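K.L.:
Questions regarding the structure given below will be posed in turn.
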Amino acid sequence: LCKAYLDFLMREELFDEMDMIPYPPKNSNTSFKCPKVPSYDAYFTHINALPETPLTFGMNPNAELNYREDQADTLFSTLQDLQPKDIKGGTEQDSAQLEKFKDIKDMVEKFDSQRIPPDMLKGDENRSPFQNVFLQEADRMNSLITDILSSMNDLELAMSGQLTMTEMLDKLQDCLIMYRVPEQWQKYETIRTLLPWLANLSYRIEQLNNWKDNSSVAPKILYINYLFNPQAFLTAIKQTEAQRSKIELNKLYIQTEITGKKPE
């Protein structure tokens, strides 16, 4: 990268007030020309006037959108952190936060009835590769649901004074008020806020429940991004084919074909 900039800048045109912004748009007013030979201090003054734009580095103007979005997210996140978060039930704001907590609690309590039954997690000695994947996914999902329900129950008891409000429960309460996914619930990578995350979790649970009645084979339709370990499912595909065709596993590979929305 450094060599690319040097190849562009280090040339004789520098002595003739060359525009040092590479590839400026035709209708752009952004310019940063090399000055005529000034004093040493004047060079520093000129450098400090360098326009703060991606065009300066030969990049598309949209290159800084992500940076600006991150700045905005950080700003509003900081403003949220400065808001009072204790729920005491005395003020209108406390009542709204308490109502928010109850709504979230109602959402997560539905997951309890959607767990995969424990007797289905035992499996057998002759289980298929796909069944192994299903059992691993179901076990991890049940564990996550248990953690969510347990932490929500502890927080409810702490808010009513029956338990001591620990640091972990305090952080959990803050996350729920600000619609963030609590750290102890993040069993997989996510950039979602709390409500979209809970909706996504519901879809993941629904997919496992649709798979549970015939877990020895791959579902006809499966969203691989809903799995905790998608690579395990891809490996199960290769294992199943290796058993069927008597081909060594390391000689198989997965090829993805993009099909139309409507079946042919």
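K.L.:
Just from its helices, what would the mean residue ellipticity at 222 nm be for the chain, if runs of 4 or more DSSP H residues each count -39500 (n - 2.57) and the sum is divided by every residue, rounded to the nearest 500 deg cm²/dmol?
P.N.:
-16000 deg cm²/dmol
K.L.:
Between K246 and A96, what length in nm is gained on full extension when 0.36 nm per residue of separation is reduced by their alpha carbon distance?
P.N.:
47.7 nm
K.L.:
Please work out the Kirkwood hydrodynamic radius for segment 189-257, using every pair of different C-alpha atoms, and report it in angstroms with one decimal place. Please report the intermediate quantities before stating the final value.
P.N.:
Numbers: mean 1/r = 0.0713 Å⁻¹.
Result for segment 189-257 stands at 14.0 Å.
K.L.:
Note down the net charge around E156, summing +1 for each Lys or Arg and -1 for each Asp or Glu among other residues with Cβ under 10 Å from its Cβ. Can you show the working numbers first?
P.N.:
Numbers: positive: K102, K105; negative: D154.
Taking every other residue near E156 into account, the sum is +1.
K.L.:
Moving on to the next point. When you take every Cα atom in segment 88-220, what is the radius of gyration, and what is Dmax, the widest Cα pair distance, in Å?
P.N.:
17.4, 61
K.L.:
Once Lys and Arg get +1 and Asp and Glu get -1 on their Cβ, which of L50, V108, I237 lies farthest toward the positive end of the dipole of the chain?
P.N.:
I237
K.L.:
Next up: Could you go through segment 49-58 in sequence order and give the Karplus-derived ³J(HN,Hα) for each residue, using 6.51 cos²θ - 1.76 cosθ + 1.60 with θ = phi - 60°, rounded to whole Hz, and x for Gly and Pro?
P.N.:
Result, ordered by residue: 8, 4, x, 8, 8, x, 4, 4, 9, x Hz.
K.L.:
Between I258 and S77, take the C-beta separation as r, use R0 = 25 Å, and let me know the FRET efficiency to the nearest 0.05. Provide the component values of the computation, followed by the final result.
P.N.:
Details: r = 38 Å, r/R0 = 1.51.
E(calc), rounded to 0.05, equals 0.10.
K.L.:
At 0.36 nm per residue, and after removing the present C-alpha to C-alpha distance, how many nm does the segment from E52 to T164 gain when stretched out fully?
P.N.:
The span from E52 to T164 would gain 35.2 nm if fully extended.
K.L.:
Using a 1.4 angstrom probe and counting only protein chains, how large is the accessible area of T193 in Å², to 10?
P.N.:
Here the residue's solvent-accessible area equals roughly 80 Å².
K.L.:
Turning to a different aspect of this structure: What is the helix-to-structure angle for 230-245, meaning the angle in degrees between its Cα long axis and the longest Cα principal axis of the chain, kept from 0 to 90 and rounded to the nearest 10?
P.N.:
60
K.L.:
Here's another thing I want to ask about it. How much of the accessible area of the chain, in percent, comes from carbon and sulfur atoms when a 1.4 Å probe is used?
P.N.:
Looking at the chain in its full context, I get 52 percent from C and S.
K.L.:
Rank F233, F101, F15 by mean-square fluctuation in a GNM of the chain with C-alpha springs under 10 angstrom and give only the top-ranked residue.
P.N.:
Residue with maximal mean-square fluctuation among F233, F101, F15: F15.
K.L.:
Here's another thing I want to ask about it. Of the candidates E13, E167, E241, which one comes out as most mobile in a Gaussian network treatment of the chain with C-alpha springs shorter than 10 Å?
P.N.:
Residue with maximal mean-square fluctuation among E13, E167, E241: E13.
K.L.:
Okay, next question. Given R₀ = 25 Å, FRET efficiency for K171-L195 by Cβ-Cβ distance, to 0.05?
P.N.:
Using R0 = 25 Å, I get an efficiency of 0.85.
K.L.:
Size of the dipole of the chain about the Cα centre, Lys and Arg at +1 and Asp and Glu at -1 on the beta carbon, nothing else charged, in debye to 20?
P.N.:
Here the size comes out at about 1060 debye.
K.L.:
If DNA, RNA and ligands are ignored and the probe is 1.4 Å, what is the ranking of K102, K251 by accessible area, most exposed first?
P.N.:
Details: K102 105, K251 140 Å².
Descending order: K251, K102.
K.L.:
What is the helix-to-structure angle for 92-109, meaning the angle in degrees between its Cα long axis and the longest Cα principal axis of the chain, kept from 0 to 90 and rounded to the nearest 10?
P.N.:
60
K.L.:
With Cα Rg over 2.2 N^0.38 Å in mind, check (1) 1.01; (2) 1.29; (3) 1.56 and report the label derived from this structure.
P.N.:
Label (3) holds the value from this structure.
K.L.:
Hey, another quick one. Suppose each label sits 7 Å from its Cα in the direction of the beta carbon; what would the Y179-D70 distance come out to in nanometres?
P.N.:
2.4
K.L.:
Sticking with this structure for a sec: Just how much of T45 is accessible, in Å², when a 1.4 Å probe is used and the result is rounded to the nearest 10?
P.N.:
Accessible area of T45: about 100 Å².
K.L.:
Gaussian network model of the chain, Cα springs within a sub-10 Å range: biggest mean-square fluctuation belongs to which of L14, L79, L222?
P.N.:
Comparing L14, L79, L222 in the GNM, the peak value goes to L14.
K.L.:
Here is a follow-up. Around K33, which amide H atoms from residues at least 5 apart in sequence, or from another chain, sit under 5 Å from its own amide H, with H modelled in the peptide plane?
P.N.:
M20
The values are calculated or read from the model by the stated rules, or taken from the named source; none is laboratory data. Keep in mind the model is a prediction, meaning the values are calculated, not measured. All Cβ positions, glycine included, derive from the backbone under ideal geometry; neighbour counts span all protein chains shown. Note: accessible area is taken over every heavy atom of the protein model, side chains too, but ligands, DNA and RNA are not part of it. Shrake-Rupley method; radii C 1.70, N 1.55, O 1.52, S 1.80 Å.
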